[in-house]
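Worksheet: one structure, shown below.
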Amino acid sequence: MSINITFPDGNQKSFDAPVTGLAIAQAISPGLAKKAALVSVNGELWDLARPIEADAAISIITRDKPEALETIRHDAAHVMAQAVQELYPGTQITFGPSTETGFYYDFARAEPFTEGDLEQIEQRMRQIVKRDLPITREVWSHADAVRHFEAAGETFKAEWIRDGLQDRMLTIYRQGDQWLDLCLGPHLPSTGRLGTAFKLTKVSGAYWRGDASKAQLQRIYGLAFATEDELKAHLKMIEEAEKRDHRKLGRTLDLFHLQEEAIGQVFWHPKGWALYRALEDYVRRQLDAAGYQEVRTPMLVDRQLWEDSGHWANYRRNMFIAEVDEGEIAGQQRRSVLAVKPMNCPCHVQIFRQGTRSYRDLPLRMAEFGACHRYEPSGALHGLMRVRGFVQDDAHIFCTEAQISSETVAFCDLLKRMYRDLGFDDVSVKFSDRPDNRAGEDAIWDRAEDALRKAVEQTGLPYTLNPGEGAFYGPKLEFVLRDAIGRDWQCGTLQVDFVLPERLDAGYVAEDGSRHRPVMLHRAILGSFERFIGILIENFAGAFPLWLAPVQAVVAPIVSDADSYASRVCDALRQAGLRVEADLRNEKINYKIREHASQKIPVIVVVGRKEAEEGTVTLRFRGQERQQTLPLAEAVAILQGSGPNTDLAA
RNA sequence: GCCGGAAUAGCUCAGUCGGUAGAGCGACUGAUUCGUAAUCAGUAGGUCGCAGGUUCGAUUCCUGUUUCCGGCACCA
């Protein structure tokens, strides 16, 4: 019997059935067969050796294609699993998927793997690649699979098949004669095809099926690419990311520190705080211009309010509690229980509730640089990125349901503009709609989701749907920015809330005199100042644009004869509103330049005898060989004129 | 919170097979006045994270603990 195979270019060819992808590739050219990794059969990725029994549209996927990369990585996981089981008998296999840059495999073994073991495992992997073991697909019955893995002592695998896969036929991939794993595939034809562009990177703990109440497994991570060059490029990127680490730069640029007595909270040094203030001033100006009203609410609030808001029931384990003995009142010991606020929203509702609100007051945009504290799990803490005490650029928009859409559009525009000013052009949105467990009627959800979707579409930001990931109280948008080295950070958010106004009894009087609940939009653009500054540090590698730089200019005299002139220049710049220092140390100009350049100061103002006599300064901009000598007044004007919208900063 | 690793001078790190430690940079002092990425010389600086244990003796070995690092889980 013969079947028709259709190629991507529309050509057809008939083959004797069954035929394999490999045979077809071979028929086209031996070169193609050599480069082939997979075959796409009617849009599905298949192993090259899997028999094609009926007419099909196929294309040969070579190893340089993105679809092949995932398979290369998945193969690497299997090769590693085999290497581990050869080296450490008794180790059980569980799961081992590909990741964005490579792969991992989770093992069950009593003894911990050490970093040193990784080298050995990697050696063995290379050996298995060299053995070029054929990788073959088999179809087993459910019962056979359970029997096999139980007999092999693979309890995790057996449990998964028994409980997770019900009564199905299963695919098994065999690597060589002995080693096999349950897997959907597809895989490369043999271990030799994996290539050599992989590297084991780290070992860590991981939970069985991602569940903290289940067994802890050991996860070994690796990188894998199609070519050595890609692997090298990736290793270089990692190195670059390490150089930019905000914890490291925070120390070398003297921005902040953290210490044991206040874990998860930041000690901002003068330079870090200057950066913080520059950012805060900028955000405040933007919010003022966008029609927000800034408020300030208490840090310590009685338990009662948190019970009313629902936080006590749902968020208690993340809240810091302060208890105070109020002494005897009417013969009774009185104790107050206060919570340090983890969020600002309940307090903002309290301000909203003062007096009677009219529909004319809406939308009411209430902003606060709210200092919040959350008891984050110790293992989650990470420099500025995840802290226990932080300040949000928080605001709540009280509005009518009809205003959700226009407020969302206005918010997205504001956010886009601010991200651009801060150096981020690549922004995307994750749209999370109704979860299974939710409050509020479906009709309201329909309208709210609709309003958000239309608003996002109107702003032109690319968005992806996160089905069912919304909060129980309403749908939300999450804004993700991409930094200079391609990493994504979720920062901004906008969440519709139907529930809190109800719980805390916020209301307004409508045109017809009836009382209504406002809708609340929780929104933030930076998220938290701490984390956002961490992102800024890494994005700019500490080389901040002039308007954000903690020290914008350093005045460096060449000889001590110019010291007094340098001081005058420094004063003039400071009076002009610049953050400037004078370096009058008894050092050579080379030394000063080197030091301030490595401190990433945007402008070094060099003054020697010549400048002192002429009343000029020589400006040396960071990263530029070019320098210019000009009258002091002109230099002041140039430096003063730089803000978020000028590119002098670059 | 869980698994693994680490903790030595302000910073980066070396070292002690158990006899209380060393470098570079930085700091300080002196000399040098030198025009665009490191001038020279000298000096000071450490309860070797904390608490126990073993030992004649612990920074080193053991136990506990804290914090940090890498993941996992968490991020209503």
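The values are calculated or read from the model by the stated rules, or taken from the named source; none is laboratory data. Because the structure is a prediction, the values reported are computed rather than measured. We place every Cβ from the backbone using ideal geometry, glycine too, and count neighbours over all the protein chains shown. Accessible surface areas use protein heavy atoms only, side chains included; no ligands, DNA or RNA. Shrake-Rupley method; radii C 1.70, N 1.55, O 1.52, S 1.80 Å.
Quick notes
- Whenever a residue of segment A:592-603 is without any contact (Cβ under 8 Å) to a residue 24 or more places away in the chain, its partners that are assigned to a loop (DSSP other than H, G, I, E, B) and near RNA strand B (Cβ under 8 Å from one of its atoms), lying with C-beta atoms within less than 9 angstrom and at least six residues away or across chains, give the pairs A:E595/A:E587.
- Filtering segment A:499-521 to residues that are within 16 Å of RNA strand B (Cβ to nearest atom), out of contact with any Asp or Glu (no Cβ under 8 Å at 6 or more places or on another chain) and closer than 22 Å to A:A367 by Cβ leaves A:V499, A:L500, A:P501, A:A506.
- Within the span defined as segment A:149-159, one or more residues are open to solvent by less than 60 Å² (accessible area, probe 1.4 Å) and within 16 Å of RNA strand B (Cβ to nearest atom).
- Evaluating A:A233 against the criteria (1) more than 8 Å from RNA strand B (Cβ to nearest atom); (2) farther than 17 Å from A:F540 by Cα; (3) under 22 Å from the mean Cα position of the chain (by Cα); (4) surrounded by 15 or more Cβ atoms within 10 Å (Cβ to Cβ) leaves one unmet condition, (4).
- Selection status of A:V295, under 23 Å from the mean Cα position of the chain (by Cα), open to solvent by less than 40 Å² (accessible area, probe 1.4 Å) and modelled with pLDDT of 95 or more: no
- Taking the criterion of being closer than 15 Å to A:R568 by Cα and within 9 Å of RNA strand B (Cβ to nearest atom), the only residue of segment A:618-640 that qualifies is A:T618.
- Among the residues making up segment A:349-370, a single one is open to solvent by 20 Å² or more (accessible area, probe 1.4 Å) and within 16 Å of RNA strand B (Cβ to nearest atom): A:Q350.
- Some residue of segment A:577-587 being part of a helix (DSSP H, G or I), open to solvent by 80 Å² or more (accessible area, probe 1.4 Å) and under 23 Å from A:A274 (Cβ atoms): no
- Taken over segment A:379-391, residues that are open to solvent by 30 Å² or more (accessible area, probe 1.4 Å) and at pLDDT 95 or above amount to 3.
- Within the option set A:K610, A:K600, being within 13 Å of RNA strand B (Cβ to nearest atom), on the phi > 0 side of the Ramachandran plot and among the charged types (D, E, K, R) holds for one residue only, A:K600.
- Candidates are the residues of segment A:529-569 that are free of Cβ contacts under 8 Å to residues at least 60 places away in the same chain and of a type in the set (G, A, S); the one that is nearest to RNA strand B (Cβ to nearest atom) is A:S560.
- Residue in segment A:560-575 that is modelled with pLDDT of 95 or more, open to solvent by 20 Å² or more (accessible area, probe 1.4 Å) and not in a helix (DSSP H, G or I) present: no
- Looking only at segment A:301-318, and only at residues there that are outside any helix (DSSP H, G or I) and away from RNA strand B (no atom under 13 Å from the Cβ), the one that is most open to solvent (accessible area, probe 1.4 Å): A:D302
- Flag if A:R517 is more than 22 Å from A:R357 (Cβ to Cβ) and either basic (K, R) or outside the structural domain of A:S405 (by TED's automatic domain parsing) (or both): no
- Close pairs from segment A:208-222: first within 8 Å of RNA strand B (Cβ to nearest atom), partner open to solvent by 60 Å² or more (accessible area, probe 1.4 Å), Cβ under 8 Å, at least 6 apart: A:Q216/A:Y207; A:Q218/A:R109; A:Q218/A:P112; A:Y221/A:K202
- A single member of A:I93, A:I28, A:I60 is in contact with a Phe, Trp or Tyr (Cβ under 8 Å, 6 or more places away or on another chain) and β-branched (V, I, T), and it is A:I93.
- Of the residues making up segment A:538-554, one or more are touching a strand residue (DSSP E or B) at 6+ places or on another chain (Cβ under 6 Å) and either outside any loop (DSSP other than H, G, I, E, B) or open to solvent by 40 Å² or more (accessible area, probe 1.4 Å) (or both).
- Any hit, segment A:442-463, residues being of a type in the set (V, I, T), within 26 Å of A:F424 (Cα to Cα) and part of a strand (DSSP E or B): no
- Qualifying residue in segment A:27-46 (condition: hydroxyl-bearing (S, T, Y), assigned by TED's automatic domain parsing to the domain that holds A:Q218 and surrounded by fewer than 17 Cβ atoms within 10 Å (Cβ to Cβ)): no
- Qualifying residue in segment A:266-274 (condition: open to solvent by 80 Å² or more (accessible area, probe 1.4 Å) and either within 12 Å of RNA strand B (Cβ to nearest atom) or more than 30 Å from A:G195 (Cβ to Cβ) (or both)): yes
- Note on segment A:1-27: residues that are part of a strand (DSSP E or B) and either of a type in the set (D, E, K, R) or farther than 18 Å from A:R193 by Cα (or both) amount to 11.
- Looking only at segment A:489-517, and only at residues there that are open to solvent by 60 Å² or more (accessible area, probe 1.4 Å) and touching a residue at least 40 places away in the same chain (Cβ under 8 Å), the one that is farthest from A:A395 (Cα to Cα): A:E511
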